[in-house]
1. Name the residues whose placed amide hydrogens come within less than 5 Å of the amide hydrogen of Ser44, ignoring near sequence neighbours (fewer than 5 apart) on the same chain.
2. With a ≥ b ≥ c taken as the square roots of the eigenvalues of the C-alpha gyration tensor of segment 25-66, please select rounded if a/c is under 1.5 and otherwise prolate if a/b is larger than b/c or oblate if it is not?
3. If I take all pairs of Cα atoms in segment 46-93, what percentage of them are more than 14 Å from each other?
4. With every protein chain left in place, what is the accessible area per residue of segment 49-138 in square angstrom, probe 1.4 Å?
5. Quick one: which residues, 5+ away or cross-chain, put their amide H under 5 Å from the amide H of Leu36? H built at 1.01 Å from N.
6. Report, by chain and number, residues whose modeled amide H sits under 5 Å from the one on Leu88, excluding near sequence neighbours (fewer than 5 apart, same chain).
7. A 20 angstrom limit on the alpha carbon distance is what I want to check against. Which of Lys57/Lys127; Lys135/Lys179; Lys57/Lys135 exceed it?
Amino acid sequence: MTSDEFSDGAPDEEVEPSAVPVREEPLPEILPVLPLRNTVLFPSIVAPMAATTERAKRLVDDALAADRLIVTVAARDPEVTEPGAEDLYTVGTAVRILRMTKTEDGAQRLWVQGLRRVEIGAYDQTKPYLRAHVKALIKDRSANLELEALHRRLGARGLTVLGVSIDEGAPAKVGRFVKGRKVTYPIAIDTAKA
């Protein structure tokens with residue numbers, strides 16, 4: 001794995017990332033954010049990394065002293081050497097640092113495990129490293145994908161898929177559902193009773 005701050009370890013070491021089941025646990029609202037260049041770490045994957053910059057080492061040290069959790073997120077442009085918040089995608093992976101050892105040259109060799117996809121909100125810190133508000137994304141989108149497929153199939157016939165919610169506070173709940181599920185079909189909300 002490579003980034004502006006992390007690398008995948010020694011070139012002579014052949015280690016394949018592996019998937020390991022992850023126990024779901026609540027995430028803190030705010031986590032340190034590590035930009036990755038040309039790399040995406042997925043949930044359940046265990047992989048080696050190396051922290052080589054002072055910024056990355058500080059992030060790792062602080063995470064190890066706390067709950068061992070960080071967020072990795074891909075940089076939009078791999079040529080930017082020290083990406084800021086505006087240079088990053090808004091969806092990343094919450095990661096647990098499983099193990100860390102220091103090398104003779106001062107780098108930190110890590111084993112990390114991806115926990116779950118997260119949406120990255122507002123950044124509340126940029127120095128000495130990035131830190132942001134995060135929210136776990138819904139794990140299973142299969143029901144949403146089925147609705148999208150139904151919408152495409154029926155839309156070709158001039159029909160529309162319609163969902164109705166009669167719950168109190170439905171417009172706000174529907175809005176959160178639509179945003180959280182990244183819905184791509186039309187939604188009509190009657191706000192007259194909201």
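1. Those lying under 5 Å, H to H, from Ser44 are Gly114, Leu115.
2. oblate
3. That fraction is 62 percent.
4. Spelled out: the 1.4 Å probe surface of segment 49-138, per residue, equals 49 Å².
5. Val73, Ala74, Ala75
6. Correct list: Arg76.
7. Lys57/Lys135
The values are calculated or read from the model by the stated rules, or taken from the named source; none is laboratory data. Predicted model only: the values in this text are computed from it and were never measured. Just the protein is used for accessible areas: all its heavy atoms, side chains included, with ligands, DNA and RNA removed. Shrake-Rupley method; radii C 1.70, N 1.55, O 1.52, S 1.80 Å.
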